[in-house]
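Undergrad: I'd like to ask some things about the structure below.
The values are calculated or read from the model by the stated rules, or taken from the named source; none is laboratory data. Predicted model only: the values in this text are computed from it and were never measured. In this analysis, Cβ positions are derived from the backbone assuming ideal geometry, glycine residues included, and neighbour counts consider all displayed protein chains.
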Amino acid sequence: MFQDTVDFIQKTFKTKEFIPLHEPRFLGNEKKYLNECIDSTFVSSVGKYVDRFEEIIAEYTGAKYAIATSNGTSALHISLLLSGIEAGDEVITQPLTFIATCNAIDYCNAKPIFLDVDKDTMGLSPKALEVFLQANTTQKDGECINNTTGKVIRACVPMHTFGHACKIDEIAQICVAHNIALVEDAAESLGSYYKGKHTGTFGQMAAISFNGNKIITSGGGGCIITDDEALAKKAKHITTTAKVPHKWEYTHDMIAYNYRMPNLNAALLVAQLENLDMFLENKRELAQI
């Protein structure tokens with residue numbers, strides 16, 4: 001697939017000029033919904049579009065819960081934190097990805113372990129994962145220990161590169177067998193399914209991005225998806241500064257993060273989601289050329 005992708009780009013775009021990965025399109029209710037936000041004065045982190053966006057994403061992906069965030073990197077950071085990553089832990093991922101994947105790991109004071117990708121998916125190779133774990137790790141007290149470093153391998157973060165699903169079911173099985181949390185980097189794969197199931201729903205948590213080069217965009221923005229109610233509630237709490245709900249008191253019960261998505265961005269995304277199927281169809285038609 002890697003060489004096929006390169007050949008397709010060179011054949012289709014006969015130029016040495018810059019070729020954008022994606023060009024955002026605003027064809028529907030974007031301006032209407034933005035104006036509604038402005039008129040309502042709810043332009044920051046509270047408003048109906050944030051709630052509506054989370055509802056639509058959960059329904060579309062089949063996840064039980066979706067939590068809006070400021071960007072995909074913050075979504076991945078929180079997903080890793082809530083998967084139990086601690087300082088000094090190790091996290092398996094792939095080298096063919098954007099720097100945000102490794103940044104999120106480093107934010108947790110953990111270290112990445114890079115394993116190779118499959119050429120047919122450009123995503124993390126389950127064979128490479130199994131070979132590495134069998135040859136280099138030991139199970140101790142329910143944890144996966146790296147024999148070389150003595151550190152705990154706490155999580156695995158495969159990337160669905162350019163929206164092409166990796167062999168995520170095999171990766172999920174391997175992670176379960178080796179007591180490793182699976183966090184999917186689904187930044188680029190909204191609308192991508194593997195064996196009838198949406199990417200990002202195979203692991204404990206997943207992160208999706210809505211940057212300007214993604215299938216839909218709000219200029220930025222991201223979200224976490226999960227089926228775990230407790231993790232969803234915790235994610236919502238710590239991405240919104242851990243503020244305890246109250247009419248006038250400002251009490252924050254832990255050190256947390258201001259990873260909130262503004263209502264303005266959510267309004268853009270709600271409008272974009274109304275045309276998601278068309279955007280996906282266009283992408284798939286291009287892929288058949």
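Conditions (1) under 19 Å from the mean Cα position of the chain (by Cα); (2) hydrophobic (A, V, I, L, M, F, W, C); (3) surrounded by 18 or more Cβ atoms within 10 Å (Cβ to Cβ), marked per residue:
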site: LYS233; (1), (2), (3): yes, no, no
site: HIS246; (1), (2), (3): no, no, no
site: ASP253; (1), (2), (3): no, no, no
site: ARG260; (1), (2), (3): yes, no, yes
site: ALA267; (1), (2), (3): no, yes, yes
site: ASP277; (1), (2), (3): no, no, no
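Undergrad: Shifting gears a bit: From THR217, THR251, which residue is touching a helix residue (DSSP H, G or I) at 6+ places or on another chain (Cβ under 8 Å) and of a type in the set (Ser, Thr, Tyr)?
TA: THR217
Undergrad: Right, another one. Does the stretch 98-106 contain at least one residue that is within 20 Å of ALA232 (Cα to Cα), in contact with a strand residue (DSSP E or B) (Cβ under 8 Å, 6 or more places away or on another chain) and hydroxyl-bearing (Ser, Thr, Tyr)?
TA: Within the stretch 98-106, none of the residues are within 20 Å of ALA232 (Cα to Cα), in contact with a strand residue (DSSP E or B) (Cβ under 8 Å, 6 or more places away or on another chain) and hydroxyl-bearing (Ser, Thr, Tyr).
Undergrad: Go through the stretch 172-188 residue by residue and tally those that are touching a strand residue (DSSP E or B) at 6+ places or on another chain (Cβ under 6 Å) and either assigned to a helix (DSSP H, G or I) or outside the structural domain of THR138 (by TED's automatic domain parsing) (or both).
TA: The number of residues fulfilling the criteria is 2.
Undergrad: Okay, moving on. Only one residue in TYR33, TYR49 is more than 18 Å from ASP185 (Cα to Cα) and touching a Cys at 6+ places or on another chain (Cβ under 8 Å). Which one?
TA: TYR49
Undergrad: Say whether the condition of being part of a loop (DSSP other than H, G, I, E, B), of a type outside the set (S, T, N, Q), in contact with a Lys or Arg (Cβ under 9 Å, 6 or more places away or on another chain) and under 30 Å from GLY28 (Cβ atoms) is met by at least one residue in the stretch 194-207.
TA: The answer is no, given that none of the residues of the stretch 194-207 is part of a loop (DSSP other than H, G, I, E, B), of a type outside the set (S, T, N, Q), in contact with a Lys or Arg (Cβ under 9 Å, 6 or more places away or on another chain) and under 30 Å from GLY28 (Cβ atoms).
Undergrad: Another question, then. With the stretch 1-78 as the region, which helices (runs of 4 or more DSSP H) entirely inside it contain at least 1 residues that are modelled with pLDDT of 75 or more, over 29 Å from GLU229 (Cβ atoms) and among the aliphatic types (A, V, I, L, M)?
TA: Hits in the stretch 1-78: 30-40.
Undergrad: Please state which one of GLY142, GLY196, GLY212 is over 19 Å from LEU115 (Cβ atoms), in contact (Cβ under 8 Å) with a residue 12 or more places away in the chain, within 20 Å of the chain's Cα centre (by Cα) and surrounded by fewer than 18 Cβ atoms within 10 Å (Cβ to Cβ). Step through it out loud before you land on a result.
TA: On the way: GLY142 fails: within 20 Å of the chain's Cα centre (by Cα); GLY196 fails: in contact (Cβ under 8 Å) with a residue 12 or more places away in the chain.
Answer to the check: GLY212.
Undergrad: Starting from residues that are of a type in the set (Val, Ile, Thr) and assigned to a helix (DSSP H, G or I), keep the ones in the stretch 235-274 and report whichever is nearest to THR41 (Cα to Cα). Talk me through it step by step, then tell me what you get.
TA: From the stretch 235-274, those of a type in the set (Val, Ile, Thr) are 238-241, 244, 251, 255, 270; that's our starting set.
Restricting the remaining residues to those that are assigned to a helix (DSSP H, G or I) gives 238-239, 270.
On the way: ILE238: 25, THR239: 22, VAL270: 18 Å.
For the stretch 235-274, the residue satisfying everything is VAL270.
Undergrad: Given (1) at positive phi; (2) part of a helix (DSSP H, G or I), identify the lone condition not met by MET122.
TA: Answer for MET122: the failing condition is (2).
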